[in-house]
Amino acid sequence: MKPTLTIFWKELKGHLTSPSYYAITFFYTLLMSYIYFVQLRSFSQRSLQYMIQSQGRGDGLNLHQQVIAGHISFINLIFLFLVPIITVKYFTEEKKARTFDLLLTSPITATQIVMGKMMAAIAATWILVAISLIFPVVTSLFAQIQWGVLASSYIGIFLLAAIYASIGVFASSLTDSVLVSGFMGIILCLFTWFVSWGSEISENPLMQEIFGYLSIAKHFGQFIQGSVEIVGFAFCFSLIFFFGFITQRVVESARWR
Amino acid sequence: MIEITNLTKSYGTLKAIDRLNFKVNKGEIVGFLGPNGAGKSTTMKIITGFMPPTDGMVKVSGFDVFEDPIEVKKRIGYLPETPPLYTDMYVQDYLAYVAKLKGVTKGKVKNGVDTALQKANLQDVRKRMIRNLSKGYRQRVGIAQAIVSDPEILILDEPTVGLDPKQVAEIRTLIRSLAGHHTVVLSTHILSEVQAICERIIIINKGKIVAEDTLEGLNRRMSGVTRLVLKIKRPNQEFEKSLKDMSGVVHCSGGHGLYSLDINDAQSMPEKIAEHAVKSNVGLLEMKSQDMNLEDIFIKLTS
């Protein structure tokens with residue numbers, strides 16, 4: 001466990017002392033601020049119209065459905081591209097700088113290397129998710145927030161970010177080219193969203209059900225709706241574990257290739 | 001300490017090393033000498049567990065490199081051809097990280113880093129970023145990372161490459177001072193380097209060991225042959241032939257007034273050759289002795 005933590009702290013510190021991580025965070029926050037502001041503004045206008053039309057009857061529009069859910073889906077959209085870019089350096093740079101030799105000749109196992117790096121990648125993306133929490137929290141100062149649904153949505157996006165991070169680390173273990181690995185990471189992340197399309201060409205009900213369970217959109221959608229189900233956790237953790245496992249195989253293969 | 005039996009590594013049909021056998025004893029400094037592409041780095045990579053062999057066995061302190069890689073790696077400090085440096089880290093942070101990776105316990109990390117900095121003479125740059133260091137300093141950081149965990153065995157792949165003469169001398173002194181406490185295997189293609197540092201020399205060429213001896217033993221084998229370069233003004237065939245036929249001349253090559261002669265007696269032969277040249281009236285312009293280079297040693301040792 002100790003070598004895992006050594007690698008984890010080194011990688012995380014690498015992010016937190018690197019100007020590029022701050023630059024990425026800055027532009028990500030900037031874009032998110034703009035979009036959140038626009039969404040909230042248009043929601044308040046619609047809400048006002050609705051109140052006038054309904055003459056104060058009814059519950060009003062749902063803030064979570066119309067703003068927060070959009071906010072979280074938007075984070076997901078950025079992360080599809082951003083996370084593979086953040087994690088691209090994990091193995092490509094080690095291979096380029098020949099520091100991979102150092103890791104492979106140190107008394108640590110491939111599993112420890114991969115676990116340390118994956119934990120750091122997940123932590124680095126979770127920092128970005130945590131920043132996005134500022135928006136709903138500030139909104140709660142002047143509007144009513146449904147905390148329960150917000151929490152479940154954030155569990156969803158935290159898990160999704162962890163999946164993308166594990167995919168990104170896997171992609172970076174495959175080559176020593178930043179460009180190729182970044183591109184592969186993005187494609188694989190996008191692929192997780194399109195796998196479920198397979199259900200449309202399958203006529204077998206069993207296959208359709210299997211494809212349905214593979215659908216990240218379905219599980220993520222449930223978290224956003226406020227329903228926290230074991231199957232959602234199981235799906236996310238198995239994906240993270242799967243990509244962790246194949247990354248471990250790739251790193252281990254350097255020893256016998 | 002290190003036992004190598006029938007070690008073979010092939011890349012496709014190319015055999016990088018071919019059935020190597022040798023032993024390194026505790027506290028020794030062994031020089032691995034060979035031209036570029038002889039298989040020095042490959043052998044070292046296999047000993048460190050970085051790369052598997054195609055065939056054969058490596059044992060380090062009684063542990064098989066491929067049965068117990070972790071135990072072996074704990075005991076080895078390795079400096080690869082390219083020092084493995086994280087350029088965006090500070091020198092002391094980097095060394096602390098390597099020490100932790102090598103399994104140095106928490107309380108001993110700081111001490112290990114300080115000792116390594118002091119041994120590699122890096123105290124002045126300990127708070128500098130590796131990116132901003134010159135090549136010589138980077139090489140020294142590379143050596144510092146190899147010794148930071150105080151390993152029993154040091155594997156140094158061309159440790160003095162890229163250093164200026166003063167630094168080369170410092171590093172050689174450093175490596176010599178490590179003997180006894182550490183077992184050192186270092187590779188180089190510079191003959192004078194092994195002569196300056198090593199107690200025992202293994203010469204490797206085209207993946208095979210061509211000689212394995214102590215420094216004195218090798219010198220003894222090499223003694224008796226000296227090379228002379230001879231330059232004359234008026235070459236003629238008769239003189240060339242007489243040179244080749246002279247007793248004491250082992251080998252003669254060249255032509256058109258410039259000859260390279262291997263002679264077996266450095267005391268009397270130069271005088272005889274000079275006399276012969278003067279008598280033949282070919283216009284002796286120059287005569288000097290020349291050091292044998294690695295290639296010549298291989299030719300001598302393998303023939």
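The values are calculated or read from the model by the stated rules, or taken from the named source; none is laboratory data. Fair warning: this is a prediction, and the values are worked out from it, not measured in the lab. All Cβ positions, even for glycine, are placed from backbone atoms using ideal geometry, and neighbour counts span all protein chains on display. These accessible areas exclude ligands, DNA and RNA; they are computed on the full protein's heavy atoms, side chains included. Shrake-Rupley method; radii C 1.70, N 1.55, O 1.52, S 1.80 Å.
For the range B:14-35, the condition holds for no residue, the condition being that it is surrounded by fewer than 23 Cβ atoms within 10 Å (Cβ to Cβ), closer than 13 Å to residue B:207 by Cα and within 14 Å of chain A (Cβ to nearest Cβ).
To keep it simple, each residue is scored yes or no on (1) at pLDDT below 90; (2) in a loop (DSSP other than H, G, I, E, B); (3) more than 10 Å from chain A (Cβ to nearest Cβ); (4) buried (at least 21 other Cβ atoms within 10 Å of the Cβ).
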{"site": "B:59", "(1), (2), (3), (4)": "no, no, yes, no"}
{"site": "B:66", "(1), (2), (3), (4)": "yes, yes, no, no"}
{"site": "B:73", "(1), (2), (3), (4)": "no, no, no, yes"}
{"site": "B:77", "(1), (2), (3), (4)": "no, no, no, yes"}
{"site": "B:99", "(1), (2), (3), (4)": "no, no, no, yes"}
{"site": "B:114", "(1), (2), (3), (4)": "no, no, yes, no"}
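In the set (1) closer than 30 Å to residue B:145 by Cα; (2) open to solvent by 20 Å² or more (accessible area, probe 1.4 Å); (3) not in a helix (DSSP H, G or I), the condition left unmet by residue A:93 is number (3).
When you scan the range A:188-203, do you find a residue that is at pLDDT 95 or above and among the β-branched types (Val, Ile, Thr), even just one?
Within the range A:188-203 (the criterion being at pLDDT 95 or above and among the β-branched types (Val, Ile, Thr)), the answer is no, since none of the residues qualifies.
For the range B:161-182, the count of residues that are part of a strand (DSSP E or B) and either of a type in the set (Phe, Trp, Tyr) or at pLDDT 85 or above (or both) is at least one.
Considering only residues in the range B:81-97 that are open to solvent by 10 Å² or more (accessible area, probe 1.4 Å) and among the aliphatic types (A, V, I, L, M), the one that is farthest from the other protein chains (Cβ to nearest Cβ) turns out to be B:96.
Only one entry in B:138, B:131 is within 13 Å of chain A (Cβ to nearest Cβ), within 26 Å of residue B:29 (Cβ to Cβ) and open to solvent by 60 Å² or more (accessible area, probe 1.4 Å), namely B:138. Going by the conditions given, is residue A:203 within 30 Å of residue A:64 (Cβ to Cβ), without any contact (Cβ under 8 Å) to a residue 24 or more places away in the chain and either of a type outside the set (Gly, Ala, Ser) or surrounded by fewer than 21 Cβ atoms within 10 Å (Cβ to Cβ) (or both)? Considered against the rule, which asks whether it is within 30 Å of residue A:64 (Cβ to Cβ), without any contact (Cβ under 8 Å) to a residue 24 or more places away in the chain and either of a type outside the set (Gly, Ala, Ser) or surrounded by fewer than 21 Cβ atoms within 10 Å (Cβ to Cβ) (or both), residue A:203 comes out as no.
Residues in the range A:138-186 that are among the aromatic types (Phe, Trp, Tyr) and open to solvent by less than 60 Å² (accessible area, probe 1.4 Å): how many?
Here is the first cut: in the range A:138-186, the residues among the aromatic types (Phe, Trp, Tyr) are A:142, A:147, A:154, A:158, A:164, A:170, A:183.
Next cut, open to solvent by less than 60 Å² (accessible area, probe 1.4 Å) only: A:154, A:158, A:164, A:170.
Total meeting the criteria: 4.
Restricting attention to the range A:52-90, the residues being open to solvent by less than 20 Å² (accessible area, probe 1.4 Å) and either basic (Lys, Arg) or within 14 Å of chain B (Cβ to nearest Cβ) (or both) number 1.
Would you confirm, using the coordinates I've provided, whether residue A:31 is touching a residue at least 12 places away in the same chain (Cβ under 8 Å), within 12 Å of chain B (Cβ to nearest Cβ) and open to solvent by 40 Å² or more (accessible area, probe 1.4 Å)? So that I can check it myself, show each step before the final result.
Details: touching a residue at least 12 places away in the same chain (Cβ under 8 Å): yes; within 12 Å of chain B (Cβ to nearest Cβ): no; open to solvent by 40 Å² or more (accessible area, probe 1.4 Å): yes.
No: the conditions fail for residue A:31.
With respect to residue B:9, is the statement that it is of a type in the set (D, E, K, R), part of a strand (DSSP E or B) and open to solvent by less than 20 Å² (accessible area, probe 1.4 Å) true? Criteria met by residue B:9.
The set of residues from the range A:101-125 being open to solvent by 10 Å² or more (accessible area, probe 1.4 Å) and more than 8 Å from chain B (Cβ to nearest Cβ) comprises A:111, A:112, A:115, A:118, A:119, A:122, A:123. Among the residues of the range A:1-17, write down those that are open to solvent by 70 Å² or more (accessible area, probe 1.4 Å) and facing chain B (nearest Cβ under 8 Å). Within the range A:1-17, A:2, A:17 meet the criteria. Screening the range B:43-57 for residues that are surrounded by fewer than 17 Cβ atoms within 10 Å (Cβ to Cβ) and in a loop (DSSP other than H, G, I, E, B) and picking the one that is nearest to the other protein chains (Cβ to nearest Cβ) gives B:52.
So, of the residues in the range B:183-192 that are of a type in the set (A, V, I, L, M), out of contact with any Pro (no Cβ under 7 Å at 6 or more places or on another chain) and outside any helix (DSSP H, G or I), which turns out to be surrounded by the fewest Cβ atoms within 10 Å (Cβ to Cβ)? Give the derivation first.
Taking the range B:183-192 first, the residues of a type in the set (A, V, I, L, M) are B:184-186, B:190-191.
Next, only the ones that are out of contact with any Pro (no Cβ under 7 Å at 6 or more places or on another chain) stay: B:184-185, B:190-191.
This time we only want the ones that are outside any helix (DSSP H, G or I), so: B:184-185, B:190.
Working: B:184: 26, B:185: 27, B:190: 15.
Among those that are of a type in the set (A, V, I, L, M), out of contact with any Pro (no Cβ under 7 Å at 6 or more places or on another chain) and outside any helix (DSSP H, G or I), it is B:190.
With respect to residue B:251, is the statement that it is modelled with pLDDT of 80 or more and open to solvent by 20 Å² or more (accessible area, probe 1.4 Å) true? No, not satisfied.
For residue B:1, indicate whether it is open to solvent by 50 Å² or more (accessible area, probe 1.4 Å), aliphatic (A, V, I, L, M) and either within 14 Å of chain A (Cβ to nearest Cβ) or under 17 Å from residue B:202 (Cβ atoms) (or both). I'd like the intermediate steps shown before the answer.
Values: open to solvent by 50 Å² or more (accessible area, probe 1.4 Å): yes; aliphatic (A, V, I, L, M): yes; either within 14 Å of chain A (Cβ to nearest Cβ) or under 17 Å from residue B:202 (Cβ atoms) (or both): yes.
In short, yes.
Mind telling me which of the residues A:44, A:20 ends up being out of contact with any helix residue (DSSP H, G or I) (no Cβ under 6 Å at 6 or more places or on another chain), within 14 Å of chain B (Cβ to nearest Cβ), in a helix (DSSP H, G or I) and hydroxyl-bearing (Ser, Thr, Tyr)? Criteria check complete, one pass: A:20.
Can you find a residue that is among the polar types (S, T, N, Q) and part of a loop (DSSP other than H, G, I, E, B) anywhere in the range A:54-73?
yes
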